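Structure, as structure tokens:
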Amino acid sequence: MLCYNLFIELVGVLIVLQYREVFNSDVSNMKIYNKAHATAYLSHKGRYTTFAFQDKRITFLTSKILERYTKILNWDNGYIEVLCKKQGKPQAEEDYIDLIPILKNLYIDPLKFLKPIKEVKIKYDRNAEI
Amino acid sequence: MTEMQKFKVAQEAKIIVSGYAFVTKDDIITIVNLNKSDAHTCVINGRGEVLETCMDPIEQVIALKIWKENKEFLEEEIA
């Protein structure tokens, strides 16, 4: 009888441990999912820069001599400080993009659009112009 | 885009063709698709060069085609 009780307790502990692992992995997956859904992507092709967040893509005219964005330095609710490589310049230079006037011109509510964005990354397609 | 905003755009628009409203200010033309619930807008200059947009490329082509066909009605009348 004692052995049986011990066996039942052991099974119970194993089940709890198993569920805890599942729960923890769900929580971490959820964090990854939320992070991916809070990330916006900056890229450029030809003379246009694209800022993409979820299913919305904002495209705007950019500098003629821009070769490539290299690093996001700071994201401040619509104001992006970015390092970019420009034609004829040996080193990457700091550049600034203010999305708020662009969003206003496009009749997009800046507060509503920018609020869920927690992070901005640079993302180029394989076939993007360099 | 709220119904109120759409109403305001429709009132400001110089012409509306196939649900696309054309609002002009100086040399800048803002094209707004009034058929969509969210913002589908394209800002172009007088030469038809896209300056800012949140339309997809196919919709841009449609909007620019409508603009080309009707741009004579957007020009300022000379008294």
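The values are calculated or read from the model by the stated rules, or taken from the named source; none is laboratory data. Because the structure is predicted, anything quoted here is derived from the model rather than measured. We place every Cβ from the backbone using ideal geometry, glycine too, and count neighbours over all the protein chains shown.
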- Count of residues meeting criterion [buried (at least 16 other Cβ atoms within 10 Å of the Cβ) and in contact with a Pro (Cβ under 8 Å, 6 or more places away or on another chain)] in region A:72-130: 3
- Item | Matching residues, region B:1-24, being part of a loop (DSSP other than H, G, I, E, B) and either at pLDDT 95 or above or under 10 Å from the mean Cα position of the chain (by Cα) (or both) | B:A13, B:K14, B:G19
- Task: State the number of residues belonging to region B:25-54 that are part of a loop (DSSP other than H, G, I, E, B), within 17 Å of A:R47 (Cβ to Cβ) and of a type in the set (A, V, I, L, M).
- Result: 0
- Message: Looking at B:T24, B:T30, can you tell me which residue is within 12 Å of chain A (Cβ to nearest Cβ) and of a type in the set (S, T, N, Q)?
- Response: B:T30
- How about region A:61-90: which of its residues are among the hydroxyl-bearing types (S, T, Y) and outside any loop (DSSP other than H, G, I, E, B)? A:Y69, A:T70, A:Y79
- Query: Just one of A:I97, A:I80, A:I102 is among the β-branched types (V, I, T), within 21 Å of B:D38 (Cα to Cα) and modelled with pLDDT of 90 or more; which is it?
  - Reply: A:I102
